[in-house]
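The values are calculated or read from the model by the stated rules, or taken from the named source; none is laboratory data. Computed from a predicted model, the values in this text were never measured in an experiment. Note that we place each Cβ from the backbone using ideal geometry, even for glycine, and neighbour counts take in every protein chain shown. All accessible areas refer to the heavy atoms of the entire protein, side chains included, with ligands and DNA or RNA removed. Shrake-Rupley method; radii C 1.70, N 1.55, O 1.52, S 1.80 Å.
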Amino acid sequence: MKAVGLHPDVIVVTSRFWQTTCTLVKSGEEAFMVDSPVLPDELELLPAVAEQSGFRVVGRVATHADWDHLLGGYSFPDAPLAAAETSAARLRNEPGAAQRELREFDDEHYVERPGPLSLPTPQMLPVPGHLAIGEHELELHPADGHTADGMAVLIPWAAVLVCGDYLSPVEIPWISADGSASAYLATLDRLEPLVGRVEHVVPGHGTVIGAERALAILREDRAYLHALVEQGADAPLPLARRTGAQRKIHAENVSRVA
Ligand SMILES: [Zn+2]
């Protein structure tokens, strides 16, 4: 697990699995954990990382309701969970789905957890909207399309955008079963001016990137999605993301837009 300080109030840790990111953000005496690393040792280490840096984690936030972003309960079992109304609805409508998918992942990769995933009913956050933290406010912006739910979290005083599963340097746009290419494109349109307001973008998967690189990825992703809708399987993948794993995601996307 890699930890990077982006600002005195922002630390990003990146999981060894899927390069899943987790952002710690603080203001005054309060800190939140946004999303989560994936592996048990990383989740176990996180409280020490937070404490050493003076981050007192009092709440957990998920950018969306995919299981790999919901594991913070292993690190901070007492911190309540908050999520966009759309994510809370998804968790309510698919009870046990995150736990089941986590179990399938753990079975496949021989991963042992200290116990089952506890997933409290999340506090619902109105999106677009604001979330108070210490002396500051986080900005919440809708970010759906990858899935039917989700939000991007802007940390204005630190000039950081935590965007969920968009703008990834390692993953092409992924249209999940409940996602949609048109919603994804609309989210990219919404993210563009937000990227213009920050120095760093934290994608759900992959390394932290600067605003300029994020804008370049945004344009590539937009071009890919337009091509996907028009050409299906023949759509060219973004140049730096043409691995076997990304081709599999592409094949899935083709079936979604067909
Ligand atoms: Zn994800």
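Computed with a 1.4 Å probe over protein heavy atoms only, the accessible area of residue 111 comes to about 30 Å². Label sites at residue 17 and residue 223, each approximated as a point 7 angstrom past Cα along Cα to Cβ, lie 3.4 nm apart. The alpha carbon radius of gyration of the chain, expressed as a multiple of 2.2 N^0.38 Å, is 0.95. Ellipsoid semi-axes for region 79-217, based on the Cα gyration tensor and the rule √(5λ), read 26, 19, 16 Å when sorted largest first. The distance separating the Cα centre of region 7-34 from that of region 75-103 comes to 19 Å.
Here region 1-92 is treated with +1 on each Lys and Arg Cβ and -1 on each Asp and Glu Cβ, and its dipole about the Cα centre works out to around 140 debye. Sorting 2, 26 on solvent-accessible area from highest to lowest, probe radius 1.4 Å, gives 2, 26. Applying 1/(1 + (r/R0)^6) with r as the Cβ-Cβ distance of residue 130 and residue 56 and R0 = 22 angstrom yields a FRET efficiency of 0.55. Hull volume per residue, based on the alpha-carbon atoms of region 15-54 and their convex hull, is 60 Å³. Distance between the C-alpha centres of region 160-186 and region 188-234: 8 Å, rounded to the whole angstrom. Each of 174, 67, 18 has its accessible area taken with a 1.4 Å probe; listed largest first, they run 18, 174, 67.
Only protein heavy atoms count here; on that basis, with a 1.4 Å probe, residue 32 has an accessible area of about 20 Å². Our summary gives the chain a relative contact order of 15 percent, counting only alpha carbon pairs under 8 angstrom and 6 or more residues apart.
By a 1.4 Å probe calculation restricted to protein chains, residue 185 has an accessible surface near 30 Å², given to the nearest 10. Residue by residue, region 151-166 carries 3J(HN,Hα) couplings of 8, 9, 10, 9, 9, x, 6, 9, 6, 10, 10, 9, 9, x, 7, 9 Hz when phi is fed to the Karplus relation 6.51 cos²θ - 1.76 cosθ + 1.60 (θ = phi - 60°); x denotes Gly or Pro.
Extension gain, residue 48 to residue 207: 0.36 nm times the residue separation minus the Cα-Cα distance gives 55.1 nm.
The phi torsions of region 169-180, fed into the Karplus equation with coefficients 6.51, -1.76 and 1.60 and a -60° offset, translate into couplings of x, 10, 10, 6, x, 10, 8, 6, 4, 9, x, 7 Hz, rounded to whole numbers, with Gly and Pro shown as x. Give me the net charge for the shell around residue 97: Cβ to Cβ below 14 angstrom, other residues only, Lys and Arg +1, Asp and Glu -1. My count for the surroundings of residue 97 gives -3.
Accessible surface computed residue by residue for the chain, with neighbouring protein chains in place and a 1.4 Å probe, gives 44 Å² per residue.
Legend: P(r) of region 1-135 from all alpha carbon pair distances, 5 Å bins from 0, whole percents, reading 2, 10, 21, 24, 20, 14, 6, 2, 0.
Hull volume per residue, based on the alpha-carbon atoms of region 212-258 and their convex hull, is 64 Å³.
Dipole orientation for region 150-258: of the candidates 169, 188, 159, 169 has the Cα lying most toward the positive pole (charges on Cβ; Lys, Arg +1; Asp, Glu -1). Taking the protein heavy atoms of region 118-258 in the context of the full set of protein chains, the accessible area attributed to carbon and sulfur is 55 percent at 1.4 Å.
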